[in-house]
Each structure stands twice: as C-alpha cells, then as structure tokens.
Amino acid sequence: MAKQNIFDNETFFEGYKTIRDKEGNANNLFEIPALFSLLPDLKGKSVLDLGCGFGEHCVEFVNKGASKVVGIDISEKMLEVAKKENSNPAITYMLLPIEDIEKVEGKFDLVISSLAFHYVEDFDGVVKKIYDKLNEGGRFIFSQENPINTTYSGERPRWTRDENGKKIYVNLANYAREGERESEWFVEGIKKYHRMFSTIVNTLAENGFIIEKMIEPIPTDEILEKFPDQDDLFHKPDFLLVKSKKN
Ligand SMILES: C[S@@+](CC[C@H](N)C(=O)[O-])C[C@H]1O[C@@H](n2cnc3c(N)ncnc32)[C@H](O)[C@@H]1O
C-alpha cells in the first residue's frame, strides 16, 4: 500500500511550518520537554531518528554528545529544511520511509521518533525492525498523538460545549475500532492510524521491549497562567510518550 507523504503537500507544509514557528505551540510547551526528559546519557552514542522532519532534534542529540545521528523522513520538503538549517558532520539525513529502516546501515544505541507513528499503518512491523536496529540494551523512545486523539475521525465535533461555547467534555467514539482515520488539518484527507493504548503497550512487550516510563503531558501552573486554553489537556491528553529498553 502506498505510504502517505502529506508533509510534501505545499499547503500542509506551509501550515505546519507556521505552527511550528510559533513560540507557544504544543510541541514546545509539552511534547519536546517530555521527550527530552526521557533521553538517556547520549555521550558517544549513536541515534536513529524516525520521521526527523526539520532535524531540530538531531542537532540537539549531537549537542548532547551523540557521536552519530541518522535522521530519516519520507518528505523531501522536510529534509530540505533539515539539511539547510540543521546540518552537522555527525548527522546523516536520508529520504526513507520508517517502514524501510532495515535499509539504514548499522545498529544504534537509541532509536527515537517524535510524532510520526500515528502516520504509520503497520506499527508491529516497524517495532520488530526497530528491535533489530538496536544494540543490546538500547533504548526505543517515541511520542505520538494520544490514542484518545487518534480515535477522532472528524465526522462530528470533537467537544461538547455549554451554552457559552465553553468546552465541557470530549466526544469519544469508536475507541475500540482500530485502523485508518481521515481528518482535516490545513488540507482534507489526512490519514492517521488509531491504535488502542493496550495495543501499543502489548506490541512493545510482545516484541521484546521493557517499558520504562510513559508520559501524557499536562500543563504546569505557569503554563496555565500564560495559556489558559491548555486546561483542555486535563480533559484529554494530546500526546503519549513511551521510553522502552531492548530486553
Ligand atoms: C509531525 S512531524 C514531526 C517531525 C519531527 N520528528 C519533530 O518532532 O519535529 C512528522 C514527520 O514524520 C514524517 N513521516 C510521516 N510518515 C512517515 C513515514 N511513513 N516514513 C518516514 N517519515 C514519515 C513526516 O514527513 C514528518 O516530517
């Protein structure tokens, strides 16, 4: 089946880039701090970043002492920015789908992926390949949209609101129906893949990973003071982060 490459769509790319360039975006407030809190000591370590996008994390891994970083992505446009803005002699960027990581040479101490797996249909197949790409005792750390978010298909309003338009609760439907979801974000027809929380955990366990920590980020008081709308995250977390170890 053809893999989606939505980040090469001009309209989507420009919309996504505008959001990422904004200081108070959800990545900067929640996902990136949580992801980096899970990192092991990277001094002298090798890192494979799946769906590396603009390569911002790859540079940070080098700054934290990684001796070799490979960033792969399916999008030429994302990699163009990565090569222009985040190049470094220790980093190699490759145009490659996550599903084909066996084509990357060598093994790694850390395989990491930030907000790309909800675009991947065959999570089990990819997790098996990640296990093979890791050195003994290596870490596999990833973030993805929270399963409560990927359940949503855009068919009905995401929130139930009171008469003043204030959000009261999230409309959750079809959580236990896994698989493809289509939604709209800058463009129509964006495909994502919904998996239950138990499926994600069991896929890791059945493929030889020990789960060390999970995070579903919520706002601190300081963040709430500056961005009161982020109170939404107490109703439904947007992200799920997992740190695991090759057994
Ligand atoms: C939301 S962006 C995140 C980029 C980067 N990891 C970050 O956090 O800044 C998702 C990235 O995953 C890439 N991606 C999506 N599906 C992919 C696939 N099947 N193989 C490789 N990359 C993929 C997209 O092109 C995009 O660059």
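Numbers at a glance
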| quantity | calculated |
| --- | --- |
| Selection from Ile223, Ala205, Leu240, by position along the positive dipole direction of the stretch 196-246 (Cβ) | Ala205 |
| Distance violations [Cα-Cα > 25 Å] among Lys43/Lys246; Lys77/Lys213; Lys43/Lys83; Lys129/Lys213; Lys84/Lys246; Lys64/Lys84 | Lys77/Lys213; Lys84/Lys246 |
| Of all accessible heavy-atom area on the stretch 152-247, the percent that carbon and sulfur account for (1.4 Å) | 47 percent |
| Angle between the chain longest axis and helix 123-133 axis [Cα atoms, degrees, rounded to 10] | 30 degrees |
| In Å², nearest 10: area of Val127 left accessible to a 1.4 Å probe | 0 Å² |
| Dipole moment magnitude, nearest 20 debye, the stretch 1-132 about Cα centre, only Lys, Arg, Asp, Glu C-beta charged | 400 debye |
| Beta bridge orientation in the chain: antiparallel %, DSSP, nearest 5 | 50 percent |
| Heavy-atom accessible surface of the stretch 27-144: percent carbon and sulfur, 1.4 Å | 47 percent |
| Per residue accessible area of the chain, 1.4 Å probe, in Å² | 50 Å² |
| Spatial separation of Cα centroids for the stretch 1-29 and the stretch 37-101, in angstrom | 17 Å |
| Solvent-accessible surface (1.4 angstrom probe) belonging to Glu60, in square angstrom, nearest 10 | 70 Å² |
| Electrostatic dipole magnitude of the chain [Cβ: Lys, Arg +1; Asp, Glu -1; Cα centre; debye, to 20] | 600 debye |
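The values are calculated or read from the model by the stated rules, or taken from the named source; none is laboratory data. What you are looking at is a predicted structure, and each value in this text was computed from that prediction instead of being measured. Quick reminder, even Gly has a Cβ in these numbers, built from the backbone with ideal geometry, and neighbours come from all protein chains shown. Please note that ligands, DNA and RNA were not included when accessible areas were found on the heavy atoms of the full protein model with its side chains. Shrake-Rupley method; radii C 1.70, N 1.55, O 1.52, S 1.80 Å.
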